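*Asks:* One structure, pasted below without further comment.
The values are calculated or read from the model by the stated rules, or taken from the named source; none is laboratory data. Worth saying up front: this structure is predicted, and the values here are computed from it rather than measured. Virtual Cβ from ideal backbone geometry, glycine too; neighbours counted across all protein chains shown.
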Amino acid sequence: MSGDVTQLNARARGWLRHLWDKATTPDDWSSSGEPHEWWDRDSSAPMCAFPRFDLGESAYALPLMCEVTPAWREVYARIAREFCERHMTFWAAIDALVLIGEDPNVDRYPPEWQIYMPERLRGAYAPPGWIGNGDERWGLNPDPIAADGNVFFRGFFNLLLSVYAYVSGDTRYHEPFEVSGYMDRTFTWTQPELASFISAQLAARPEGPHCENTKIWPFCVSATGLGLKAYDAVNGTRLHTPFDAWTEFAQRHYMGRDRHGELEWFAFYYDPIERQACTFPDHVTALAPLVTLPYLYPQRPDWGQWLYEQSVRKLGWSNPKARINQFIPDPRAISIALLMAHELGDDITEARLRAHVEERCEPRTFGDENDRFGFFFGWGERYPRGQQSALLMVPEVGGRAAWSRWSNDANLSKFAAPTVEGVDYPSVGLSVARNDVDRGELLIQTYAATRSHAGDATSMRVVQIPDIDNVRITCDGDEFTAWRAAGPNAVELDLTIREHALVVRTGYHGRGAETPPKHAASAPAAVATATGGANADRSAVAPSPGAIAMVSSCRCC
Amino acid sequence: MSALRTRIQVAALQSLLTVLGVLMALASRHVDRFRRQVTRDLLLEIRRADGARQQYRFHAGPRRMTLPRHAREHTDCTLTFPTARDGLRALLSPRAIGRIVEGMNAGELRIEGNAALLLWFHGLTRIVAPIGRSRRPRRASGSGVPIRTPERDAPYASRIIREPPVSELSRDWPQAWAAREKLLQLRAAAGERLPPG
């Protein structure tokens, strides 16, 4: 379960196929329309029962997949772009745009939702998710981004835009785009403006900006911080700096330790107007820090690891002798605990939680050709539950520590390296696409992403080749000749759609300062030793079948 | 001797459960904070595996809680203690939920049905028997969480468009009203059954 992942496994390929469907199937997120039913607006209610959370969380697998196939990014870029475009619409900001003023239903919410309110306020207090835009204190903010509150809109949006930038290398959203607001008015933003707004506001409010009027969530402020960190990673800025002050503040005010120094309570959120923290009683308080960890840990690994260890111990999930109990009928906390156990290398807890997930969360393939994958949780629904599946896919797709790596140690060298483009996805996909800079080779594995298209002819290009005069290609171990030059630095390959293992000798050995970070250069050492082709003078030598066989070494196969 | 002790413990647990129920039933008549939280028809049960047993019935219409004379088979949530002693220890503890969690993890204590209801029920019991503490951030002077007002002076705030307060969504935006009705926030408040997850 550990180590670098070098190939998209079957589940990752099935999830990618489903994400492609969701992203590229047109639907209407305007005020006159309604998102397709596969967009999740039910999970983790009341706070996450809005479709934008599906947009944000479904994007989490994309940078991890991009780390597995850094030389094939166009599919992730397309999906992320479609997510970003939806995040600018009415339905993405629906809570801020229609849940206006005081909540008229404060004494009508079901008991399952009342546990997400401070005990003393239940029955007289708006639940999480009721933003109350337009209330007396804050006024009406027609722009869902520019507000004193609503950080759970702009913070997650900036994170999503940063995912797009990370997988695409494109600055599309540095140019103005329109965001839908109150009464269908539109507001113009760029991502640099958005990120600067968030950073300046966080600096001015070290306790954290609020989401609903008025609730400050460690969960959302942490996600906001991660968005800034990812933005900095791609753009070389330092907008994340104010997050450090928030972490200091949060440790003093949003959690408490007992006399032994153990975690005693953690605020799910804090309402500064009511001066009340929403906490869960006793051991169950651990659910609150857990859901924060995917965002907090990449930014403050010391604090994040401590919170993780405290949480899984309190809940009994790390105890091999204890049963795994979910405590509330929402699998989010278990999904995140699994994500974090995988991230941190807590093998015992990971094995226990994986077994629980396999048994209870109904992982299965589905779709026309049974080639999509997701988690159905035994709920009898037509599509996999979006938010919950997205969280469970993170440890399926990425290797150990992969989740925090993409925002901490951004692999930007991939944008200058030989890259595969023009892949006719979803007919054909690439499960391996990465450069071995030591050998100057691009390693590719193709597969039929749509099974009924297997055997059809297809083509794809390899671009950014330093010297196409010395290009040599093998396919499944044999010399491959069905290719031609397609410009000064590109070649085009003609293939049939099925599983192929290609090695393109590009002569690319990295570019000085753009030397890939350690993780990107983690092509299996066995490749270099088994081929015998890595001549000292790096002359073009056809790779051996052994090299081809080993490029796909991974935990899943 | 041990059989006698067990019988005493069972009787004590039964008494505790009944007294708790009577107090809660009274609260459901007279305490507004209690009544506002009774929003669904529910039946909860706390029992020992082979002895004490008490059901608590919540009525959303009159916002009352009653103690049924005759136990029903189907409940929305049942908490079963392995022994009366465990039940007494948990329910009288200032960290009742912690003890219940530990019992569940050890496999000795069972919750059937929706465990979230038990957390909600625990909150109701604390209205009549405020055992334990509510956690909140420290209020050390000068270091508490500040109460903010709308930001008008900071450079970033120049982007914030702040219009006069409104009490409800504009009636001139009918499509937004139609979309609003589809939100789970509104449907749940109207009594619609919650989707799983």
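*Asks:* May I ask you to say which residue of B:Arg69, B:Arg63, B:Arg110 is touching a residue at least 12 places away in the same chain (Cβ under 8 Å), surrounded by fewer than 18 Cβ atoms within 10 Å (Cβ to Cβ) and not aliphatic (A, V, I, L, M)?
*Replies:* B:Arg110
*Asks:* Go through region A:104-119 and report how many residues are at the interface with chain B (Cβ under 7 Å from one of its Cβ atoms) and either part of a loop (DSSP other than H, G, I, E, B) or more than 30 Å from the chain's Cα centre (by Cα) (or both). If you could, list the steps in order and put the result at the bottom.
*Replies:* Looking only at region A:104-119, we keep the residues that are at the interface with chain B (Cβ under 7 Å from one of its Cβ atoms), and these are A:105, A:107-115, A:119.
From the residues that got through so far, the ones that are either part of a loop (DSSP other than H, G, I, E, B) or more than 30 Å from the chain's Cα centre (by Cα) (or both) too are A:105, A:107-111, A:115, A:119.
Selection size over region A:104-119: 8.
*Asks:* Among A:Asp21, A:Asp54, which is within 13 Å of chain B (Cβ to nearest Cβ) and modelled with pLDDT of 95 or more?
*Replies:* A:Asp54
*Asks:* Working carefully through the options B:Ala11, B:Ala27, find the one that is touching a Phe, Trp or Tyr at 6+ places or on another chain (Cβ under 6 Å) and in a helix (DSSP H, G or I).
*Replies:* Criteria check complete, one pass: B:Ala27.
*Asks:* Consider B:Glu73 against the criteria (1) acidic (Asp, Glu); (2) within 19 Å of B:His122 (Cβ to Cβ); (3) out of contact with any strand residue (DSSP E or B) (no Cβ under 9 Å at 6 or more places or on another chain): it satisfies all of them except one. Which criterion is unmet?
*Replies:* Unmet condition: (2).
*Asks:* Then there is this: Output the residue which, of all residues in region A:24-45 that are without any contact (Cβ under 8 Å) to a residue 40 or more places away in the chain and not basic (Lys, Arg), is nearest to the other protein chains (Cβ to nearest Cβ).
*Replies:* Within region A:24-45, the match that is nearest to the other protein chains (Cβ to nearest Cβ) is A:Ser32.
*Asks:* Based on what the data block shows, is A:Asp135 within 18 Å of B:Pro150 (Cα to Cα), touching a Phe, Trp or Tyr at 6+ places or on another chain (Cβ under 6 Å) and either modelled with pLDDT under 95 or surrounded by fewer than 24 Cβ atoms within 10 Å (Cβ to Cβ) (or both)?
*Replies:* For A:Asp135, the condition - within 18 Å of B:Pro150 (Cα to Cα), touching a Phe, Trp or Tyr at 6+ places or on another chain (Cβ under 6 Å) and either modelled with pLDDT under 95 or surrounded by fewer than 24 Cβ atoms within 10 Å (Cβ to Cβ) (or both) - is not met.
*Asks:* Let me ask something additional. Check whether at least one residue in region A:367-384 is closer than 30 Å to A:His240 by Cα and either in contact (Cβ under 8 Å) with a residue 40 or more places away in the chain or touching a strand residue (DSSP E or B) at 6+ places or on another chain (Cβ under 7 Å) (or both), and report yes or no.
*Replies:* Within region A:367-384, not a single residue is closer than 30 Å to A:His240 by Cα and either in contact (Cβ under 8 Å) with a residue 40 or more places away in the chain or touching a strand residue (DSSP E or B) at 6+ places or on another chain (Cβ under 7 Å) (or both).
*Asks:* Select, from B:Trp120, B:Trp177, the only residue that is at pLDDT 95 or above, aromatic (Phe, Trp, Tyr), farther than 26 Å from B:Val22 by Cα and not in a strand (DSSP E or B).
*Replies:* B:Trp177 is the lone residue from the list that is at pLDDT 95 or above, aromatic (Phe, Trp, Tyr), farther than 26 Å from B:Val22 by Cα and not in a strand (DSSP E or B).
*Asks:* Continuing with the same structure: Please go through region A:270-312 and pick out each residue that is under 26 Å from the mean Cα position of the chain (by Cα) and charged (D, E, K, R).
*Replies:* A:Arg300, A:Asp302, A:Glu309
*Asks:* Could you check B:Leu43 against (1) assigned to a strand (DSSP E or B); (2) farther than 19 Å from A:Pro110 by Cα; (3) not charged (D, E, K, R) and say which number it fails?
*Replies:* That leaves (2) as the condition not met.
Residues are listed down the side, and each one gets a yes or a no for (1) over 20 Å from the mean Cα position of the chain (by Cα); (2) more than 7 Å from chain A (Cβ to nearest Cβ):
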site	(1), (2)
B:Pro130	no, yes
B:Arg162	yes, no
B:Trp173	yes, no
B:Ala189	no, no
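Let's see how each residue does on (1) crowded, with 17+ Cβ neighbours inside 10 Å; (2) without any contact (Cβ under 8 Å) to a residue 60 or more places away in the chain; (3) over 28 Å from B:Arg36 (Cα atoms):
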{"residue": "B:Thr78", "(1), (2), (3)": "yes, yes, no"}
{"residue": "B:Arg89", "(1), (2), (3)": "no, yes, yes"}
{"residue": "B:Leu117", "(1), (2), (3)": "yes, no, no"}
{"residue": "B:Thr149", "(1), (2), (3)": "no, yes, yes"}
{"residue": "B:Ala157", "(1), (2), (3)": "yes, yes, yes"}
{"residue": "B:Gln175", "(1), (2), (3)": "no, yes, yes"}
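*Asks:* Hey, another quick one. Please determine, by comparing only the residues of region A:181-210 that are acidic (Asp, Glu) and either surrounded by fewer than 20 Cβ atoms within 10 Å (Cβ to Cβ) or modelled with pLDDT under 95 (or both), which one is farthest from A:Thr241 (Cα to Cα).
*Replies:* Only one residue tops the list, namely A:Asp184.
*Asks:* Condition (residue is touching a helix residue (DSSP H, G or I) at 6+ places or on another chain (Cβ under 9 Å) and either at pLDDT 95 or above or farther than 21 Å from A:Pro209 by Cα (or both)) applied to region B:161-168: is it met by at least one residue? Outline the logic, then answer.
*Replies:* Taking region B:161-168 first, the residues touching a helix residue (DSSP H, G or I) at 6+ places or on another chain (Cβ under 9 Å) are B:163.
Next, only the ones that are either at pLDDT 95 or above or farther than 21 Å from A:Pro209 by Cα (or both) stay: B:163.
Among the residues of region B:161-168, at least one is touching a helix residue (DSSP H, G or I) at 6+ places or on another chain (Cβ under 9 Å) and either at pLDDT 95 or above or farther than 21 Å from A:Pro209 by Cα (or both), which makes the answer yes.
*Asks:* Take the residues of region A:242-269 that are over 26 Å from the mean Cα position of the chain (by Cα) and of a type in the set (A, V, I, L, M, F, W, C): which is nearest to the other protein chains (Cβ to nearest Cβ)?
*Replies:* A:Trp265
*Asks:* What is the number of the single condition among (1) facing chain B (nearest Cβ under 9 Å); (2) out of contact with any helix residue (DSSP H, G or I) (no Cβ under 8 Å at 6 or more places or on another chain); (3) surrounded by 24 or more Cβ atoms within 10 Å (Cβ to Cβ) that A:Trp72 does not meet?
*Replies:* So the condition that A:Trp72 fails would be (1).
*Asks:* Filter region A:88-108 down to the residues that are in contact with a Ser or Thr (Cβ under 6 Å, 6 or more places away or on another chain) and either among the acidic types (Asp, Glu) or in contact (Cβ under 8 Å) with a residue 40 or more places away in the chain (or both) and list them by number.
*Replies:* Once the filter is applied, which keeps residues that are in contact with a Ser or Thr (Cβ under 6 Å, 6 or more places away or on another chain) and either among the acidic types (Asp, Glu) or in contact (Cβ under 8 Å) with a residue 40 or more places away in the chain (or both), region A:88-108 yields A:Thr89, A:Phe90.
*Asks:* Report, by residue number, each residue of region A:277-326 that is of a type in the set (Ser, Thr, Tyr) and over 18 Å from A:Ile348 (Cα atoms).
*Replies:* A:Thr279, A:Thr285, A:Thr292, A:Tyr295, A:Tyr297
*Asks:* Can I ask one more? State all residues of region B:91-108 that are more than 10 Å from chain A (Cβ to nearest Cβ) and under 15 Å from B:Glu45 (Cβ atoms); if no residue qualifies, say none.
*Replies:* B:Leu91
*Asks:* So which residues in region A:455-476 are among the small types (Gly, Ala, Ser) and under 15 Å from A:Val423 (Cβ atoms), if there are any at all?
*Replies:* Step one: list which residues in region A:455-476 are among the small types (Gly, Ala, Ser), which gives A:455, A:457, A:459.
Within region A:455-476, A:Ala457, A:Ser459 qualify.
*Asks:* When you check A:Ile348 against the structure, is it within 19 Å of the chain's Cα centre (by Cα) and not in a loop (DSSP other than H, G, I, E, B), yes or no?
*Replies:* So A:Ile348 does not fit the description; no.
The rows are residues; the columns are (1) crowded, with 19+ Cβ neighbours inside 10 Å; (2) part of a helix (DSSP H, G or I); (3) in contact with a Ser or Thr (Cβ under 6 Å, 6 or more places away or on another chain).
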residue: A:Gln7; (1), (2), (3): yes, no, yes
residue: A:Arg13; (1), (2), (3): yes, yes, no
residue: A:Glu37; (1), (2), (3): no, no, no
residue: A:Arg41; (1), (2), (3): yes, no, no
residue: A:Ala45; (1), (2), (3): yes, no, no
residue: A:Ala49; (1), (2), (3): yes, no, no
residue: A:Leu62; (1), (2), (3): yes, yes, no
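*Asks:* Exactly one of these conditions fails for B:Asp153: (1) within 26 Å of A:Trp138 (Cα to Cα); (2) more than 7 Å from chain A (Cβ to nearest Cβ); (3) surrounded by 15 or more Cβ atoms within 10 Å (Cβ to Cβ). Give me its number.
*Replies:* (3)
*Asks:* Let me ask another. Answer yes or no as to whether A:Arg382 is of a type in the set (Lys, Arg) and in a helix (DSSP H, G or I).
*Replies:* Taking the combined requirement at face value, the residue does not satisfy it.
*Asks:* Let me ask something else about it. What pairs can you find where one residue is in region A:59-73 and under 13 Å from A:Ala402 (Cβ atoms), the other is charged (D, E, K, R) and in a helix (DSSP H, G or I), and their Cβ atoms are less than 6 Å apart, with a gap of 6+ or different chains?
*Replies:* A:Pro70/A:Lys414
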